Amino acid sequence: MQDLYRQLIEAIGEDPQREGLLKTPARAAKALEFLTQGANQDLHEVVNDALFESESSEMVIVRDIEIYSLCEHHMLPFFGRCHIGYIPDGKVVGVSKLARISDMFGRRLQIQERLTHEIATAVFETVQPHGVGVVVEASHLCMMMRGVQKQNSCMVSSAMLGTFLTSDRTRSEFLQLIGQRRAF
Ligand code: ZN
């Protein structure tokens with residue numbers, strides 16, 4: 001990957017031998033490897049059996065999980081916040097695991113809609129709850145730095161599974177609790 005970055009630096013008309021750029025290929029390769037490592041991770045290893053029995057069937061919500069990803073169309077970052085809610089059916093998952101699940105799907109070449117869906121499906125499959133709702137709000141650098149240059153636009157995507165899909169009341173409760181005024 002370092003060689004490719006050296007070629008890339010040349011291709012944009014820069015000199016890979018100038019002092020400031022000498023170590024850039026190594027640094028950039030390491031960074032990209034980190035930012036895409038989610039593609040090689042396994043969901044079961046990430047969750048690592050952090051499931052606990054629970055009698056509760058009240059909605060659990062983790063709000064404002066920071067999310068960073070790379071859009072697969074431009075390989076530029078998009079970033080924002082992710083909100084996850086579910087209604088347990090005998091099991092709950094450690095809170096930090098929800099953040100790890102969103103990191104796992106964020107750290108790869110993505111589109112926001114798929115990212116949202118993959119997080120919801122992963123929670124649905126591991127926790128086996130009555131339902132799951134995920135909302136992602138993100139800003140895309142490919143829109144902000146180039147193209148239409150809309151600096152303040154924010155894309156909102158949602159994925160609803162189980163009772164979050166079938167029950168208007170559950171979905172409204174979730175959207176209200178995460179402070180999402182938009183109707184889906
Ligand atoms: Zn893009």
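Is region 140-156 home to any residue that is surrounded by fewer than 17 Cβ atoms within 10 Å (Cβ to Cβ), within 23 Å of residue 53 (Cα to Cα) and touching a residue at least 40 places away in the same chain (Cβ under 8 Å)?
No: region 140-156 contains no residue that is surrounded by fewer than 17 Cβ atoms within 10 Å (Cβ to Cβ), within 23 Å of residue 53 (Cα to Cα) and touching a residue at least 40 places away in the same chain (Cβ under 8 Å).
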Looking only at residues that are among the hydrophobic types (A, V, I, L, M, F, W, C) and open to solvent by 20 Å² or more (accessible area, probe 1.4 Å) in region 47-70, which one is farthest from residue 156 (Cα to Cα)? 52
Mind checking which pairs have a first residue in region 71-91 that is under 19 Å from residue 152 (Cβ atoms) and a second that is outside any strand (DSSP E or B) and more than 12 Å from the ligand (Cβ to nearest atom), Cβ under 8 Å, 6 or more apart or different chains? 80/154
Suppose the filter is aliphatic (A, V, I, L, M) and open to solvent by less than 50 Å² (accessible area, probe 1.4 Å); does residue 11 pass it? no
Surrounded by 22 or more Cβ atoms within 10 Å (Cβ to Cβ) and polar (S, T, N, Q), is that true of residue 116? yes
Only residues that are part of a helix (DSSP H, G or I) and more than 28 Å from the chain's Cα centre (by Cα): list them for region 5-44, please. 6, 7, 9, 10, 11, 19, 20, 21
Members of region 67-90 found to be part of a strand (DSSP E or B) and over 21 Å from residue 126 (Cβ atoms), listed by number: 68, 70, 71, 77, 78, 79, 80, 81
Quick check, is residue 176 more than 15 Å from the chain's Cα centre (by Cα), of a type outside the set (Gly, Ala, Ser) and within 16 Å of the ligand (Cβ to nearest atom)? no
Return a yes/no flag: does region 119-136 have any residue that is modelled with pLDDT of 95 or more and farther than 26 Å from residue 38 by Cα. yes
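With away from the ligand (no atom under 16 Å from the Cβ), under 21 Å from residue 122 (Cβ atoms) and either without any contact (Cβ under 8 Å) to a residue 40 or more places away in the chain or open to solvent by 100 Å² or more (accessible area, probe 1.4 Å) (or both) as the only criterion, which of 170, 166 stands out?
166
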Which residues, counting only those in region 71-124, are polar (S, T, N, Q) and either in contact with a His (Cβ under 6 Å, 6 or more places away or on another chain) or more than 16 Å from the ligand (Cβ to nearest atom) (or both)? 96, 102, 121
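For every residue, the table says whether it meets (1) basic (Lys, Arg); (2) in contact with an Asp or Glu (Cβ under 8 Å, 6 or more places away or on another chain).
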position: 72; (1), (2): no, no
position: 77; (1), (2): no, no
position: 83; (1), (2): no, yes
position: 104; (1), (2): no, no
position: 114; (1), (2): yes, no
position: 117; (1), (2): no, no
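The values are calculated or read from the model by the stated rules, or taken from the named source; none is laboratory data. Values in this document were obtained by computation on a predicted structure and should not be read as measured data. Methodologically, a virtual Cβ is constructed for each residue, glycine included, from the backbone with ideal geometry; neighbour enumeration extends over all protein chains shown. SASA here: full protein model, heavy atoms, side chains in, ligands and nucleic acids out. Shrake-Rupley method; radii C 1.70, N 1.55, O 1.52, S 1.80 Å.
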